[in-house]
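Asker: Before I ask anything, let me first share the structure, which is written out below as structure tokens.
Values in this text are rule-based calculations from the coordinates and carry no lab data. Everything numeric here is computed off the predicted structure, so don't read it as measured data. Reconstructed Cβ throughout: ideal geometry from the backbone, glycine too, with neighbour counts over all protein chains shown.
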Amino acid sequence: MGERVVATEFTGADRTRFRERLRVGFEVFRRMLAEDRFERGRTLMGVELELDLVGPTGRPVMVNQDVLSRIASRDFQTELGQFNLEVNIAPHKLVGTVFSELAEELRTSLAYADRQARAAGARILMIGILPTLDEEHMVVENFSPEDRYFLLNDEIAQVRGEDFLVEIDGVEHLRTTFGSIMPEACNTSVQFHLQVSPETFAGAWNAAQAVAGVQVALGANSPFLFGRQLWAETRIPLFEQATDFRVQELAAQGVRPRVWFGERWISSPLDLFEENLKYFTALLPVSSDEDPDKVLAGGGVPHLPELRLHNGTVYRWNRPIYDVARGKPHLRVENRVLPAGPTVVDVLANAAFYYGCVKAMMDEPDPVWWHLPFADAARNLHTAARHGLQADLLWRGDRFPDPVPVRELVLSELLPAAARGLDALGIDPRDRDEFLGVIEGRCRTGRNGSTWLSAAFHRLVDGGLDRTSVLERLTVEYADLMLTGAPAHTWPQG
């Protein structure tokens with residue numbers, strides 16, 4: 001949703017023109033791939049981190065405009081809700097001590113942002129879903145005041161034609177409806193970007209899909225929604241439902257959801273962009289004046305704004321990205337499955353594990369997706385989201401014919417693979433050991449953000465406190481521990 005949109009309504013002619021320009025943009029993209037027009041040889045990573053704003057009692061405060069004006073940095077932007085922010089870290093070469101460098105950058109940026117937030121009566125929180133959010137917060141008045149959010153809401157709501165249903169059956173049960181996509185603002189995530197060459201894109205995307213369930217099990221940090229304990233990583237089902245334009249009949253007909261894992265392994269980035277055109281109508285049909293055919297014929301680099309805008313409204317868990325930087329076109333995989341937090345060290349540990357695994361899997365002559373049915377990879381995502389570190393996942397059948405406990409899978413197979421991948425990237429061994437050591441610590445202890453939140457909740461409820469007070473106290477305690485910087489698996493257990 002990062003593209004700036006300033007239109008106020010769309011006509012049938014707008015949609016027809018956008019569809020045609022989208023088709024032209026796709027054909028130019030196809031030609032650019034065939035003519036090898038893309039940047040290659042640069043392995044870059046980037047991080048986007050979404051944040052919550054809370055007050056002294058741990059409840060959300062709707063002050064992102066005030067906080068952003070105080071921060072006064074392009075690195076910080078709005079998100080859907082007025083209690084959300086996003087910080088973008090500039091791309092870095094994936095080599096050397098990059099994770100330590102990023103950790104220092106994030107600490108500095110977040111400390112500055114937190115100082116500015118405190119001047120507005122708030123503080124910064126990194127978490128998957130803020131435990132103190134209530135249904136009363138899910139009103140359109142709490143949208144950030146930017147056209148694109150209201151337009152997106154109006155378009156999805158119009159297509160759906162009825163209220164949005166959120167129903168999640170976990171430790172407890174939640175069933176409720178909303179008139180807008182505002183519940184999507186509950187989700188605060190971290191996105192990892194990986195720039196790759198066209199010929200390695202398919203392997204990188206397939207690897208990211210294969211490891212997505214494992215990532216979620218390890219990094220789960222969202223056990224509560226609207227006062228109920230649900231899944232270890234409740235963000236996954238909430239995101240799928242909060243923006244689902246399909247009524248029951250469309251879902252039964254096989255219409256693809258907007259939040260989508262996909263349905264097959266790929267052999268080219270074209271596969272994903274072609275699916276976008278084939279399966280998804282335009283939500284924001286804003287056409288540009290660019291003539292991509294003319295730009296390409298003249299030796300220039302087309303920005304393909306329609307292709308990029310449309311792609312940005314298909315919420316794949318691993319999204320393909322076409323972009324232009326320094327006058328050169330490139331491709332990225334945007335990994336979107338993980339929650340924010342709990343600490344900077346945890347975020348960068350998740351990053352090291354992800355990039356290491358993807359690199360190792362890409363380099364394997366016998367990759368995992370040759371032995372893992374795509375449907376099993378999709379099933380893993382939901383199994384991991386439900387059960388977290390207690391999940392049993394499906395993996396390559398030649399080595400694990402039965403579902404394997406995720407902690408065992410990581411310790412025996414994926415941590416060594418991630419280490420090999422980081423070595424192949426040229427990551428400093430001290431960075432490798434420090435950040436992968438956090439992943440090992442989660443597996444050895446069985447603790448992550450989600451388990452800490454759940455255990456602390458039950459300890460306080462069993463002590464006789466009411467739920468509202470517990471969730472407020474829990475959020476404040478979490479925020480204090482977040483500031484210590486110690487990874488969540490080392491946090492005191494009560």
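Asker: For the range 198-230, enumerate the residues that are touching a Ser or Thr at 6+ places or on another chain (Cβ under 9 Å), of a type in the set (S, T, N, Q) and surrounded by fewer than 24 Cβ atoms within 10 Å (Cβ to Cβ).
Answerer: 229
Asker: Given the condition more than 26 Å from residue 49 (Cα to Cα), free of Cβ contacts under 8 Å to residues at least 40 places away in the same chain and not β-branched (Val, Ile, Thr), answer yes or no: does some residue in the range 430-438 qualify?
Answerer: No, the range 430-438 contains no residue that is more than 26 Å from residue 49 (Cα to Cα), free of Cβ contacts under 8 Å to residues at least 40 places away in the same chain and not β-branched (Val, Ile, Thr).
Asker: Identify all residues within the range 217-243 that are charged (D, E, K, R) and within 17 Å of the chain's Cα centre (by Cα); write none if there are none.
Answerer: 233, 235, 240
Asker: Which of the residues spanning the range 364-402 are assigned to a strand (DSSP E or B) and charged (D, E, K, R)? Steps first, please.
Answerer: From the range 364-402, those assigned to a strand (DSSP E or B) are 392-393; that's our starting set.
Listed by number, the list holds a single entry, 392.
Asker: I've got another one for you. Answer yes if at least one residue in the range 246-265 is outside any helix (DSSP H, G or I), surrounded by fewer than 18 Cβ atoms within 10 Å (Cβ to Cβ), touching a residue at least 40 places away in the same chain (Cβ under 8 Å) and of a type in the set (Gly, Ala, Ser), and no otherwise.
Answerer: Checked against the condition, which is being outside any helix (DSSP H, G or I), surrounded by fewer than 18 Cβ atoms within 10 Å (Cβ to Cβ), touching a residue at least 40 places away in the same chain (Cβ under 8 Å) and of a type in the set (Gly, Ala, Ser), the range 246-265 yields no hits at all.
Asker: Among the listed residues 490, 468, 445, identify the single one that is surrounded by fewer than 22 Cβ atoms within 10 Å (Cβ to Cβ), hydroxyl-bearing (Ser, Thr, Tyr) and within 14 Å of residue 58 (Cβ to Cβ).
Answerer: Values: 490 fails: within 14 Å of residue 58 (Cβ to Cβ); 445 fails: within 14 Å of residue 58 (Cβ to Cβ).
None of the others qualify; the one that does is 468.
Asker: Identify, from the list 474, 414, 465, 483, the residue that is part of a loop (DSSP other than H, G, I, E, B) and either touching a helix residue (DSSP H, G or I) at 6+ places or on another chain (Cβ under 8 Å) or of a type outside the set (S, T, N, Q) (or both).
Answerer: None of the others qualify; the one that does is 465.
Asker: Shifting gears a bit: Would you mind telling me which numbered condition in (1) outside any loop (DSSP other than H, G, I, E, B); (2) surrounded by fewer than 17 Cβ atoms within 10 Å (Cβ to Cβ); (3) out of contact with any Gly (no Cβ under 9 Å at 6 or more places or on another chain) residue 329 fails?
Answerer: (2)
Asker: Related question: Looking at the range 86-124, which of its residues are in contact with a Ser or Thr (Cβ under 7 Å, 6 or more places away or on another chain) and closer than 22 Å to residue 63 by Cα?
Answerer: 87
Asker: Which one of 360, 349 is crowded, with 23+ Cβ neighbours inside 10 Å and within 29 Å of residue 454 (Cα to Cα)? Quick ask: steps written out before the conclusion?
Answerer: On the way: 360 fails: within 29 Å of residue 454 (Cα to Cα).
Of 360, 349, the one residue that is crowded, with 23+ Cβ neighbours inside 10 Å and within 29 Å of residue 454 (Cα to Cα) is 349.
Asker: Shifting gears a bit: Among the residues of the range 287-312 satisfying the criterion of being of a type in the set (D, E, K, R) and either under 14 Å from residue 26 (Cα atoms) or outside any loop (DSSP other than H, G, I, E, B) (or both), which is farthest from the chain's Cα centre (by Cα)?
Answerer: Going through the range 287-312, the residues of a type in the set (D, E, K, R) turn out to be 289-291, 293-294, 306, 308.
Going one step further and asking which of them are either under 14 Å from residue 26 (Cα atoms) or outside any loop (DSSP other than H, G, I, E, B) (or both), we end up with 290-291, 293-294, 306, 308.
Values: 290: 30, 291: 32, 293: 33, 294: 35, 306: 22, 308: 18 Å.
In this case the residue turns out to be 294.
Asker: If you go through the range 333-362, how many residues are more than 22 Å from residue 105 (Cα to Cα) and part of a strand (DSSP E or B)?
Answerer: Within the range 333-362, the subset more than 22 Å from residue 105 (Cα to Cα) is 333, 337, 357-362.
Adding the requirement that they be part of a strand (DSSP E or B) leaves 333, 337.
Counting residues in the range 333-362 that are more than 22 Å from residue 105 (Cα to Cα) and part of a strand (DSSP E or B) gives 2.
Asker: Restricting to the range 172-197, name every residue that is in contact (Cβ under 8 Å) with a residue 12 or more places away in the chain and surrounded by fewer than 17 Cβ atoms within 10 Å (Cβ to Cβ).
Answerer: Those that are in contact (Cβ under 8 Å) with a residue 12 or more places away in the chain and surrounded by fewer than 17 Cβ atoms within 10 Å (Cβ to Cβ): 172, 173, 176, 177, 179, 197.
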